[in-house]
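The values are calculated or read from the model by the stated rules, or taken from the named source; none is laboratory data. All values reported here derive from a predicted model rather than from experimental measurement. All Cβ positions, glycine included, derive from the backbone under ideal geometry; neighbour counts span all protein chains shown.
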Amino acid sequence: KVFKTPPTSWAVIYDPKYRGQISIPDNPIQIADVAVYLHYSHPYNLTDAQLAKIKTVLQQQRPLVRKYWASAGDVEQLFKAHEVNVGAVWPLMTNDLRKAGATVADTIPREGATGWADTWMLSTHTKHAACAYAWMNYALSPKVQKQVVAVTAYSPANLKTAALLGPAESAALHISDPKFFDSLKFWQTPPNYAKWQQIWNDIKG
């Protein structure tokens, strides 16, 4: 085991001690995670000066990274092969790795974390609105949400799913914990996203 106790800070993925053992997402949105690490109040609306600081942090991190992952399969294989020991991942990856017998755990660092919510959207031009609503209602039902949880380890959208999961799993998914969700910086489209993409390309290049 690499960690006897869970890391408490994002600093672990910038620590030269873990050079070559780190994997993070190959996505410009990772800039927001750095902003959270640096305690910037608005991680999706960053000034040029803040972006410059973040770029410096990412440049310093670059030689420490084993791989920038593009898919769940990428990072899961790295952990299974013990090629990486720490990184920024999603609950799905942790869930898959545990099912495969890997000794892994995830945590939210003290600085906080970013997050997102998947949605179903209905086009204003749909020809079969009733059918679309029927699908949404089905997808949001507790039974289906339980199946989603089993595959992804993501928190369900329907609070009634808790009755099918039990108290321990419900607590682990923070189903009745609004403070947990309030603590996350949910993804937003940055107004200067082109700059984010350029910074990320510079780091990767």
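Across region 177-202, which residue is farthest from residue 41 (Cα to Cα) among those that are hydroxyl-bearing (Ser, Thr, Tyr) and part of a helix (DSSP H, G or I)? Even if it seems obvious, please write down each step before you answer.
Restricting attention to region 177-202, the residues satisfying the condition of being hydroxyl-bearing (Ser, Thr, Tyr) are 183, 189, 193.
With the extra rule that they be part of a helix (DSSP H, G or I), the set shrinks to 183, 193.
Values: 183: 12, 193: 17 Å.
Top of the filtered list is 193.
Annotation note: Cβ proximity below 8 Å between a residue of region 90-104 that is assigned to a loop (DSSP other than H, G, I, E, B) and a residue that is modelled with pLDDT of 90 or more and of a type in the set (Phe, Trp, Tyr) (sequence gap 6+ or interchain) occurs for 102/79; 104/79.
Of the residues making up region 155-167, at least one is on the phi > 0 side of the Ramachandran plot, modelled with pLDDT under 95 and outside the structural domain of residue 32 (by TED's automatic domain parsing). There is at least one residue in region 21-32 that is farther than 20 Å from residue 205 by Cβ, part of a helix (DSSP H, G or I) and touching a residue at least 60 places away in the same chain (Cβ under 8 Å). Once region 104-118 is narrowed to residues that are among the β-branched types (Val, Ile, Thr) and modelled with pLDDT under 95, the residue that is farthest from residue 7 (Cα to Cα) is 104.
Looking at 190, 142, 167 in this structure, which one is without any contact (Cβ under 8 Å) to a residue 60 or more places away in the chain and in contact with a helix residue (DSSP H, G or I) (Cβ under 7 Å, 6 or more places away or on another chain)? Working first, answer last.
Details: 190 fails: without any contact (Cβ under 8 Å) to a residue 60 or more places away in the chain; 167 fails: in contact with a helix residue (DSSP H, G or I) (Cβ under 7 Å, 6 or more places away or on another chain).
Step by step, each of 190, 142, 167 is checked, and only 142 is without any contact (Cβ under 8 Å) to a residue 60 or more places away in the chain and in contact with a helix residue (DSSP H, G or I) (Cβ under 7 Å, 6 or more places away or on another chain).
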